[in-house]
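Scroll down for the structure; my scribbles are underneath it.
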Protein chains: 2
Amino acid sequence: MNSIILNGTIITMLENQVIRDGAVAIENNTIIDVGKTSEIKRKYSHGYEKIDAKGKIVLPGLVNTHQHAAMSLLRGYADDLPLQEWLEKWIWPIEGHMTASDIYAGALLTAAESIIGGTTTVNTMYHYTAEENEAKAFADAGLRGVVGHVCFSWRKKDDRKALEDLAKNWHNQKNGLIRVSIDPHAPYTVDPDYMKELKEIQTELNNKYGEKAPIIWHIHVAETSDEPEKIKKAFNVQLKGGIIEYLDSLGVLDKNVIAAHCVALTEKDIVTMKSRNVKASHNPISNLKLASGISPVPKMLEQGVTVSLGTDSPCSNNTADMFEVMKTAALLHKGVNRNPTLMAAQKVLSMATLDGAKALSWEKEIGSIEVGKKADIIIVNFAKPHLCPVYNEVSHLVYAAKSADVETVMINGEIVMENRKLKKIDLEKVMETAEKAKNRLLERIKSNIK
Amino acid sequence: MNSIILNGTIITMLENQVIRDGAVAIENNTIIDVGKTSEIKRKYSHGYEKIDAKGKIVLPGLVNTHQHAAMSLLRGYADDLPLQEWLEKWIWPIEGHMTASDIYAGALLTAAESIIGGTTTVNTMYHYTAEENEAKAFADAGLRGVVGHVCFSWRKKDDRKALEDLAKNWHNQKNGLIRVSIDPHAPYTVDPDYMKELKEIQTELNNKYGEKAPIIWHIHVAETSDEPEKIKKAFNVQLKGGIIEYLDSLGVLDKNVIAAHCVALTEKDIVTMKSRNVKASHNPISNLKLASGISPVPKMLEQGVTVSLGTDSPCSNNTADMFEVMKTAALLHKGVNRNPTLMAAQKVLSMATLDGAKALSWEKEIGSIEVGKKADIIIVNFAKPHLCPVYNEVSHLVYAAKSADVETVMINGEIVMENRKLKKIDLEKVMETAEKAKNRLLERIKSNIK
């Protein structure tokens, strides 16, 4: 479908550019022109569906760089608990009962919530199952995503098979909408040899399937300060420096690695991240809720590290709302560093769009409204009391706008939400299925039958 | 109007009570019964308008205990700046150009936003003007509020007149919807003698107008750690302890004082707050945005201090969204104290409802769904992807629900929002007026004509 979005305020995310009374022309899945409405209208008058954005803000879709999409089925199951008790007594036992169809149902629910909230790309780490999986859920909803399979030392053989299947069946599929990743769970659950092996598998799979788009690495890094002890306990490896230094010593760090959390970093870790061009996914809401600590984001930014934003799973957030994450990120570092000039709105919006695309090695195709890029575009309705009056649209997007203000969502040139109504999936049915899946999970955990 | 809300899940806020398939009966402005739908329906069958809350959550309206409602006109005017530059170069100069009709327009916008977001009571501190004012705006919107006049040493005579007018014309008016307060700005802008005088004025006005409802004191306290130096500089008073101790030495603290912010408190300050029964308004979003610091809320709660929640002004937040404040409060203290069990959802919801009512000395009438209390009730629609599935409604209300999920708002027995549409004011007109007022403000500041 060819379309033009007209009469809007376009935030392109290229060097603070704002085009008032602007327009975007789209052919198939690609942006072919951006400019003033008067010009664009003249150039593309026939055969383009018109989308009126008068009084509205047009910006790139938000990029959520750390999720475990299937876990929405456990949203609110357990909160306000000590971390180990939360994991061992609550989350892991119920997760053990999740079937392939539960994974699909949870991921579809997260896909729906993401799109409704203006997120057009999600990087998710979960268990891959061949029958039904997160990749299928994202594709069915029309959501762009990097879908990974999470790897642990205790299941190397299964992991290898899952990674091969995932790459073969899903990498750069569905009109380029879905990419895949190799997801070592964390440095304390993946032993040093397996870590290296997973790097080799990445190279191997990239040689096979990665010519047009890279298969990236997605790993939890330094989420809490006790990771060195956990690594020592698990693998009898004594770290000499920080977690990033340790990973670097294994030779696994490069520009196609996205490190989620990056809370407990050393100064040298940050320098290494920059020199290896490792990307960070900052998850402020999850880090606060689980009391993991506060990531040194301003320091990473100072060093020139690419820092993107993520929600983390619906168990530790409890939403997939990137507007909330933007606001929390903008606020938190000002407060804890006693410096109100940190994390200015323009930078935070970039972290949620263009820097997010960079973090997923996808910036050639998404993250900005730019000729040649894929059309992942959201339209935000500013006719709301909390967005009135308007002095500065970018300030409003970060500090005042809400996911519920997103009105239209286009992904890969296709309108997947129009006037807040999802077009590719039946939301009522998605929610009904999730609620039923939850009831079955509770029954299974009660009777302890897998 | 008499009405019954039926078939809902009622969160009464009395000792974690949840009534499934519950109902509330309301006569005029008062709750007359609460129970199972089957019983309530039988007892109040005729002459009651029925409100169906099937699949929805029914809870007390949220109480915002610190606002400067008129300042919504400056939302997003200046952000990400050092505090003094922000105040002196940006906020104060433009505020100097605000007229009485601007104050009304801004307060009406905040009233609209508050109601739409499920807030039914707002405690606001601003300049009182006789012609048009925040009290009139709240009453016009049907919002319950405590409306104050902010007092400074440099305008004692004007303050006295304003306070007398405000109390006479507005205290316990509009069917009890509006109450008023005495608002010394802060310990560094109100000298010690004037502080005592304002306490005398409070007593005097309470003797005249306060028989049925107290006129309270609303003051900024210890928002930043440099207040002792500011007091020294302004009044040549050298503090021997914390700010609360200082105020106590002036004899101004009692149960009808609400202290906003309470960031830089000493241990002894907290003990004194408890012994004088001074109430705190915690404003986490504003404190983070202005980099003021982090209030020791868990310590106040440990000591038994009543801590409520506030948004602060739309300049330092930038919304009037109490759902955001609840989530931020629940997250922040877990994170900075590295303890995920702090600020559990049930307590945070209480801080935003019943404890908010206590903080305004209004708990005999509002803050819970209880027979004899005024009917300030909100209905939240849970048929949303981010609120699915449901394990625990209270967890969802704090960690996942959004202001946009509020569907119906009743204040003082009157439905002021139905299906997200305001009933007493024309929202489009309110926003249009605010936008025009902003444009005039910018013109005036440009030409520097008051």
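The values are calculated or read from the model by the stated rules, or taken from the named source; none is laboratory data. If you're wondering where the values come from, they're calculated on a predicted model, not measured in any experiment. Counting neighbours? That spans all protein chains shown, and the Cβs are built from the backbone with ideal geometry, glycine included. Accessible surface is based on the protein model in full, side chains and every heavy atom, while ligands, DNA and RNA are left aside. Shrake-Rupley method; radii C 1.70, N 1.55, O 1.52, S 1.80 Å.
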Check your understanding: If you scan the range B:16-33, which residues turn out to be part of a strand (DSSP E or B) and on the phi > 0 side of the Ramachandran plot?
Key -> B:21
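Applying the selection to the range A:174-188, what residues are within 15 Å of residue A:123 (Cα to Cα) and either outside any loop (DSSP other than H, G, I, E, B) or among the hydroxyl-bearing types (Ser, Thr, Tyr) (or both)?
Taking the range A:174-188 as the starting set, the residues that turn out to be within 15 Å of residue A:123 (Cα to Cα) are A:176-185.
Selection gives A:178, A:179, A:180, A:181, A:182, A:183, A:184.
Take the residues in the range A:127-169 that are among the hydroxyl-bearing types (Ser, Thr, Tyr) and without any contact (Cβ under 8 Å) to a residue 40 or more places away in the chain, then tell me which one is farthest from residue A:184 (Cα to Cα).
Start the filter on the range A:127-169 by keeping residues that are among the hydroxyl-bearing types (Ser, Thr, Tyr), which leaves A:128-129, A:153.
Add one more test, that the residue is without any contact (Cβ under 8 Å) to a residue 40 or more places away in the chain, and what stays is A:128-129.
Details: A:128: 13, A:129: 16 Å.
Applying the filter and picking the extreme gives A:129.
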Study note, to complete from the structure: residue B:236: passes all of (1) at positive phi; (2) open to solvent by 60 Å² or more (accessible area, probe 1.4 Å); (3) in contact (Cβ under 8 Å) with a residue 12 or more places away in the chain but (3)
Practice item. Name, by its number, the condition in (1) assigned by TED's automatic domain parsing to the domain that holds residue B:176; (2) more than 15 Å from residue B:417 (Cβ to Cβ); (3) of a type in the set (Gly, Ala, Ser) that does not hold for residue B:111. Key: (2)
Check your understanding: In the range A:189-211, how many are part of a loop (DSSP other than H, G, I, E, B) and crowded, with 22+ Cβ neighbours inside 10 Å?
Key -> 1
Review point. Taking residue B:218 and the conditions (1) within 14 Å of another protein chain (Cβ to nearest Cβ); (2) surrounded by 18 or more Cβ atoms within 10 Å (Cβ to Cβ); (3) of a type outside the set (D, E, K, R), which numbered condition does it fall short on, given that it satisfies the others?
Key: (1)
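Scanning the range B:3-15 for residues that are in a loop (DSSP other than H, G, I, E, B) and at pLDDT 95 or above, which turns out nearest to the chain's Cα centre (by Cα)? Before the answer, list the steps.
Step one: list which residues in the range B:3-15 are in a loop (DSSP other than H, G, I, E, B), which gives B:12-15.
With at pLDDT 95 or above added as a condition, the list becomes B:12-14.
Numbers: B:12: 20, B:13: 18, B:14: 21 Å.
Filtering first and then ranking leaves B:13.
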Check your understanding: Would you say residue A:446 is more than 23 Å from the chain's Cα centre (by Cα), crowded, with 22+ Cβ neighbours inside 10 Å and not in a strand (DSSP E or B)?
Key -> no
Exercise for review: Considering only the range A:145-172, state which residues are in a strand (DSSP E or B) and closer than 17 Å to residue A:131 by Cα.
Suggested key: A:147, A:148, A:149, A:150
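Name the residues in the range B:288-300 that are crowded, with 20+ Cβ neighbours inside 10 Å and more than 10 Å from chain A (Cβ to nearest Cβ), would you? Please lay out each step first, then the result.
Here is the first cut: in the range B:288-300, the ones crowded, with 20+ Cβ neighbours inside 10 Å are B:288-292, B:295-297, B:300.
Matches in the range B:288-300: B:295, B:296, B:297, B:300.
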Point to revise | Among residues of the range A:425-443, those that are more than 30 Å from residue A:175 (Cα to Cα), facing chain B (nearest Cβ under 9 Å) and open to solvent by 100 Å² or more (accessible area, probe 1.4 Å), counted | key: 1
Practice item. Go through (1) part of a loop (DSSP other than H, G, I, E, B); (2) of a type in the set (Ser, Thr, Tyr); (3) within 9 Å of chain A (Cβ to nearest Cβ) and name the single condition residue B:316 misses. Key: (3)
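Do we find that residue B:307 is away from chain A (no Cβ under 13 Å) and surrounded by 23 or more Cβ atoms within 10 Å (Cβ to Cβ) in this structure? Talk me through it step by step, then tell me what you get.
Details: away from chain A (no Cβ under 13 Å): yes; surrounded by 23 or more Cβ atoms within 10 Å (Cβ to Cβ): yes.
Judged against the criteria, residue B:307 is a match.
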Check your understanding: Out of all the residues in the range B:220-231, is one or more closer than 18 Å to residue B:197 by Cα, touching a helix residue (DSSP H, G or I) at 6+ places or on another chain (Cβ under 9 Å), in a helix (DSSP H, G or I) and at pLDDT 95 or above?
Key -> yes
Review point. Strands (runs of 3 or more DSSP E) wholly in the range B:35-139 with at least 2 residues that are open to solvent by less than 20 Å² (accessible area, probe 1.4 Å) - which ones?
Key: B:56-60, B:62-67, B:119-126
Revision key, fill the gap. Output for Cβ contacts, cut-off 9 Å, separation at least six or different chains, first residue at pLDDT 95 or above and of a type in the set (A, V, I, L, M, F, W, C) in the range A:34-49, second open to solvent by less than 50 Å² (accessible area, probe 1.4 Å) and part of a helix (DSSP H, G or I), reads A:34/A:40
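Scanning for something of a type outside the set (A, V, I, L, M), at pLDDT 95 or above, open to solvent by 20 Å² or more (accessible area, probe 1.4 Å) and under 20 Å from the mean Cα position of the chain (by Cα), does the range B:151-172 turn up at least one residue?
Taking the range B:151-172 as the starting set, the residues that turn out to be of a type outside the set (A, V, I, L, M) are B:151-161, B:164-165, B:168-172.
Okay, now just the ones that are also at pLDDT 95 or above, so B:151-161, B:164-165, B:168-172.
Pick out the ones that are also open to solvent by 20 Å² or more (accessible area, probe 1.4 Å) and you get B:152-158, B:160-161, B:164-165, B:168-170, B:172.
When the remaining residues are screened for being under 20 Å from the mean Cα position of the chain (by Cα), the result is B:170, B:172.
Scanning the range B:151-172 turns up at least one residue that is of a type outside the set (A, V, I, L, M), at pLDDT 95 or above, open to solvent by 20 Å² or more (accessible area, probe 1.4 Å) and under 20 Å from the mean Cα position of the chain (by Cα).
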